Amino acid sequence: ATPTSIMVGTGRAAEMGVLFRKGDALQMLQDTRVIALDKTGTLTKGSPELTDFLVAEGFDAAEVLRLVAAVEAKSEHPIALAICRAAAERSLGGAEVDGFTSITGYGVSAQVEGRSVLIGADRLMTREGVDLGDLKGQGQALGRKGRTPLYAAIDGRLAAVIAVADPVKPTSAAAIKALQGLGLKVAMITGDNQGTADAIAQELGIDIVVAEVLPDGKVAALEDLRSHGTLAFVGDGINDAPALASADVGIAIGTGTDVAIESADVVLMSGDLTAVVNAFDISALTMRNIR
Ligand code: ADP
Ligand code: MG
């Protein structure tokens, strides 16, 4: 490719909201066979809302929510914000918390008013030896609806299943269809549970689902996808930075975190995935002019 045509291509891209930080990304996109997208904040809005709160027998819903929200007030995870908002709306708050611990990819725990409180994915409960009992089936049913089920345990006993829902961005489905129209395989990578991931993937027409990926497992997940050919990855979060750096083309959402943007080859100026399609279109036009 001539330097002039690359310059024209990157200029045209910038007008369409796509910043190429490296000129060779424009050429690399033409060879791309598989595109992997982070779920939370990339395909979805990234700001979940609490949708369901079911307590086990012998527990009071308001009391469980008060204790859970006290722990989540120490966490910055979007799930924590959803739970804290729900508690604030019901004027539940003000409990004292000791020994807060965040277990990345699993959940959180702390002591609240002398009781031990644990909140997170089913794998957190398994790890801590808490039996999900009757609420396991309820949680799985919520997952099949595309909601994320979380479990809360108090003093080692399962107290509630809580679901949050993170709506998909209105343009995600059309963008995926357009990418598939260009001959790409579309994959989704998420730390969320398999059931929830499958439901969202089906809603969006995603080809390959990689779920229950721990934050430091994203790079290894991408390695597996490389068997399909040259790979692009789209992400927004701090924990996406290593994956953005390791993909053949790393595409960051400009509304995401600075660390993600710095690790990427391409930056989208908006959160709208239509810009990813624009990047491929411009790449095709530029390379056609050259070849
Ligand atoms: P993702 O970015 O895909 O949501 P994470 O690794 O951040 O992936 O989280 C994976 C899972 O860990 C979440 O779906 C949730 O089940 C659990 N989790 C993480 N942080 C919290 C938290 N503060 N409260 C409850 N659950 C959490
Ligand atoms: Mg994300």
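The values are calculated or read from the model by the stated rules, or taken from the named source; none is laboratory data. Keep in mind the model is a prediction, meaning the values are calculated, not measured. As a convention, Cβ positions derive from the backbone with ideal geometry for all residues, glycine included, and neighbour counts pool all protein chains shown.
Within the range 6-32, residues that are closer than 18 Å to R288 by Cα reach partners that are hydrophobic (A, V, I, L, M, F, W, C) and surrounded by fewer than 17 Cβ atoms within 10 Å (Cβ to Cβ) with beta carbons closer than 7 Å, at six or more positions or on different chains, in the pairs Q27/A1; Q30/A284. Quick check on the range 175-193: of everything there that is β-branched (V, I, T) and part of a strand (DSSP E or B), which residue is surrounded by the fewest Cβ atoms within 10 Å (Cβ to Cβ)? Result: V186.
Hey, does the range 29-40 have a residue that's at pLDDT below 95, of a type in the set (G, A, S) and under 28 Å from P170 (Cβ atoms)? Within the range 29-40 (the criterion being at pLDDT below 95, of a type in the set (G, A, S) and under 28 Å from P170 (Cβ atoms)), the answer is no, since none of the residues qualifies.
Candidates are the residues of the range 235-258 that are surrounded by fewer than 19 Cβ atoms within 10 Å (Cβ to Cβ), more than 16 Å from ligand 1 (Cβ to nearest atom) and not hydroxyl-bearing (S, T, Y); the one that is modelled with the lowest pLDDT is G254.
Taking the stated definitions as given, is I208 touching a residue at least 12 places away in the same chain (Cβ under 8 Å), under 13 Å from I35 (Cα atoms), away from ligand 2 (no atom under 16 Å from the Cβ) and in the same structural domain as Q27 (by TED's automatic domain parsing)? I'd like the intermediate steps shown before the answer.
On the way: touching a residue at least 12 places away in the same chain (Cβ under 8 Å): yes; under 13 Å from I35 (Cα atoms): yes; away from ligand 2 (no atom under 16 Å from the Cβ): yes; in the same structural domain as Q27 (by TED's automatic domain parsing): yes.
Judged against the criteria, I208 is a match.
Residue selection: L179 fails the criterion of being over 12 Å from V34 (Cβ atoms) and assigned by TED's automatic domain parsing to the domain that holds A220.
Sort through A199, A221 and tell me the only one that's out of contact with any strand residue (DSSP E or B) (no Cβ under 9 Å at 6 or more places or on another chain), within 23 Å of T148 (Cα to Cα) and assigned to a helix (DSSP H, G or I). Spell out the reasoning first.
Working: A221 fails: out of contact with any strand residue (DSSP E or B) (no Cβ under 9 Å at 6 or more places or on another chain).
Only one candidate qualifies: A199.
When E76, E96 are screened for being within 9 Å of ligand 1 (Cβ to nearest atom), at pLDDT below 95 and more than 21 Å from A197 (Cα to Cα), only E76 passes. As a summary of the residue check, K39 satisfies the conditions (1) among the basic types (K, R); (2) exposed (fewer than 14 other Cβ atoms within 10 Å of the Cβ); (3) not assigned by TED's automatic domain parsing to the domain that holds T148 except for the one numbered (2).
Yes or no, residue by residue, for (1) more than 20 Å from L67 (Cβ to Cβ); (2) touching a Lys or Arg at 6+ places or on another chain (Cβ under 9 Å); (3) surrounded by 18 or more Cβ atoms within 10 Å (Cβ to Cβ):
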position: G114; (1), (2), (3): no, no, no
position: V117; (1), (2), (3): no, no, yes
position: D122; (1), (2), (3): no, yes, yes
position: L132; (1), (2), (3): no, no, yes
position: A141; (1), (2), (3): yes, no, no
position: A153; (1), (2), (3): no, no, yes
position: R157; (1), (2), (3): no, no, no
